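Bear in mind these aren't lab numbers, they're just calculated from the coordinates by the rules spelled out. Because the structure is predicted, anything quoted here is derived from the model rather than measured. All Cβ positions, glycine included, derive from the backbone under ideal geometry; neighbour counts span all protein chains shown.
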């Protein structure tokens with residue numbers, strides 16, 4: 001017979017077990033490199049991984065495209081993924097790093113061929129403050145925005161108290177990813193930015 | 001050497017053979033060339049060995065980079081110029097504070113954070129000499145310090161991240177009462193003076209930034225469409241009445257010179273050593289973010305505020321706060337209510353222990369010097385409550401884009417800001433007199449302080465702010481602002497003050 005005490009014990013037990021499953025699931029690493037492209041292109045069925053060496057010439061081209069945005073980190077190489085669904089090309093997933101206040105934030109930016117942001121996902125967050133930017137409620141505001149936008153708080157994205165520097169880092173990172181796509185994959189193509 | 005012999009043979013065999021009829025000079029040249037080749041091979045072999053023993057600079061760098069990434073040093077600070085209508089203030093520069101911060105992450109789940117504050121600080125120098133003199137031992141001590149200087153640990157805690165929603169934190173933690181105390185960095189704000197509720201009056205039991213030694217948990221719960229919930233919950237030693245001894249040496253015309261020790265019993269930060277009072281304090285804040293840019297917070301602090309040698313009396317504070325943003329507009333606010341239970345009983349307790357409120361050596365015993373010891377209860381009221389409301393609008397005129405204000409910054413901003421604030425002190429203790437362990441006088445009054453501030457800040461980056469502001473502060477008619485604020489040294493009849501402020505706040 002299910003007494004009230006047994007019912008409550010079962011309920012508490014289930015809750016604790018449910019929590020325990022996630023107890024060690026979250027650290028500062030939220031996505032591995034393998035999971036990253038799928039996080040920004042969940043509809044894709046295949047990804048082609050490429051590693052692009054960041055030569056001084058490439059950096060120069062990227063910086064020219066980024067304008068006033070100055071990266072806080074120049075990576076040695078960029079890992080990109082070409083996302084496809086059947087025969088259809090969906091876009092580019094680019095892994096970039098930018099410093100928030102003191103530590104680098106690693107994230108993946110999905111960019112569509114029409115120069116719009118498909119999605120953004122945080123892979124590794126290391127700062128003691130500003131972690132709100134990793135949540136979907138915040139990141140979904142980047143979807144569909146043209147890469148020509150500023151992505152800066154109070155201009156094209158909403159700000160979050162305590163995360164201003166992290167939002168600035170995301171803006172620089174998105175600009176950097178878009179510049180890489182333009183410089184490597186779309187140079188000379190029509191409709192560049 | 002063993003490797004060189006076969007190399008020489010190989011070179012000898014592969015090298016051009018001396019042709020029949022070669023002269024002695026030609027043979028010598030060939031031997032010389034062979035020797036050079038052998039020397040070059042020797043050098044290459046040595047370099048290769050050396051390279052194997054010592055990793056290349058590129059290989060060593062990741063270790064150092066990793067070490068540097070684990071520990072980060074930063075800081076923030078602020079200075080201010082003030083022109084005030086109060087005679088005792090006039091025009092002055094104030095070094096508000098410089099705070100050094102360090103955060104380290106020795107492993108993925110582990111974090112430490114540290115803030116060391118230098119407030120109104122420039123010099124602290126202690127000189128002491130101990131030497132025999134005049135047939136005895138002479139110990140001489142001199143302390144040199146700038147007035148109002150303070151060195152304090154603002155935060156020093158360790159954190160173990162069990163999960164996003166469960167992080168253990170222990171050490172000197174900021175008491176989560178209201179939103180200002182936990183976000184008190186000067187460079188985050190557009191105005192160059194802290195609020196009355198958190199600092200100037202204050203309604204907070206201890207002026208911000210207020211840390212206490214304790215342990216507890218913090219975390220974030222993402223609730224999908226319901227938004228995000230952040231909480232902090234700590235058990236701490238807690239604020240307690242503490243003695244502050246003020247020594248006064250005064251020469252007076254027509255009167256006896258004065259040597260006075262004034263013992264002020266006022267709420268102070270809890271101890272960082274043995275906390276002998278029975279009972280600890282609890283502090284918690286829950287903040288709900290239903291939508292981006294919106295936050296609603298509720299906080300509570302409860303604990304004993306009397307030291308172990310007095311009767312147990314409790315302090316209860318609660319706060320409500322919020323942030324509402326719409327486009328370039330932000331409305332931020334905070335309300336705090338603090339209740340000290342049975343302040344009268346506390347005075348009775350003190351009387352019982354201290355016996356005499358004031359002790360003075362009579363003129364007949366000391367005709368030239370008046371010596372006095374006096375006890376006072378300071379900054380206590382039955383209830384203190386107040387709020388501040390700050391409206392901000394961010395903007396950036398396009399024509400400034402290519403000027404020195406706009407270049408080379410990513411997102412320079414102007415922030416127009418207005419703040420309205422009120423603080424109420426109900427049954428504020430003004431005078432306590434006791435003799436022979438019994439209270440003979442206990443007087444209280446109700447007071448209020450209002451302030452309105454308007455300002456403009458220029459923020460070239462989020463970490464820097466140049467702040468310009470005008471403020472008007474006033475209190476009950478005919479009563480001194482100095483009695484109810486801790487930053488305005490007003491004369492007895494000065495009940496209002498106008499001030500122009502210019503401040504620079506920075507972070508790195």
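A few comments on the model shown:
- For region A:27-184, averaging the sequence separation of C-alpha pairs within contact (under 8 Å, six or more residues apart) and dividing by the residue count gives a relative contact order of 24 percent.
- Entry note, chain B: relative contact order of 13 percent, from Cα contacts under 8 Å with a spacing of 6+ residues.
- Span from the region B:382-431 Cα centroid across to the region B:307-341 one, whole angstrom: 19 Å
- Each Cα pair under 8 Å and six or more residues apart adds its separation to the average, and for region B:80-196 the resulting relative contact order is 19 percent.
- C-alpha long axis of helix B:343-354 to longest principal axis of chain B, angle in °: 90 degrees
- Evaluated over the Cα positions of chain B, the convex hull gives a direction-averaged projected area, one quarter of its surface, of 46.3 nm².
- The ranking of B:103, B:446 from fewest to most other beta carbons within 10 Å of each one's beta carbon is B:446, B:103.
- Calculated [θ] (222 nm, deg cm²/dmol) that DSSP helices of n ≥ 4 give over the protein assembly as shown, each run adding -39,500 (n - 2.57): -6000 deg cm²/dmol
- Centroid-to-centroid separation of region B:438-508 and region B:255-282 [C-alpha atoms, Å]: 25 Å
- Principal-axis analysis of the Cα atoms of chain B puts helix B:4-14 at an angle of about 50° to the longest axis.
- Debye-sum result for region B:359-508 in log10 I(q)/I(0), which assumes one identical scatterer on each alpha carbon, at q = 0.10, 0.12, 0.19, 0.20 Å⁻¹: -0.59, -0.73, -1.15, -1.20
- Residues B:464, B:420 arranged by fewest to most Cβ contacts within 10 Å: B:420, B:464
- Distance from the C-alpha centroid of region A:46-89 to that of region B:122-185: 48 Å, rounded to the whole angstrom.
- Between helix B:24-53 and chain B there is an angle of about 30 degrees, using the helix long axis and the longest principal axis of the Cα atoms.
- Paramagnetic label zone (point 7 Å from Cα along Cα-to-C-beta, residue B:418; backbone N under 14 Å) in region B:475-508: none
- Rough spin-label spacing in nm, given labels placed 7 Å along Cα→Cβ, for residue B:256 and residue B:435: 1.6 nm
- Between residue B:45 and residue A:43, the distance separating the two model label sites (each 7 Å from Cα on the Cα→Cβ line) works out to 6.6 nm.
- Each residue in B:149, B:195 was given a count of other beta-carbon atoms within 10 angstrom of its own, and listing them fewest first yields B:149, B:195.
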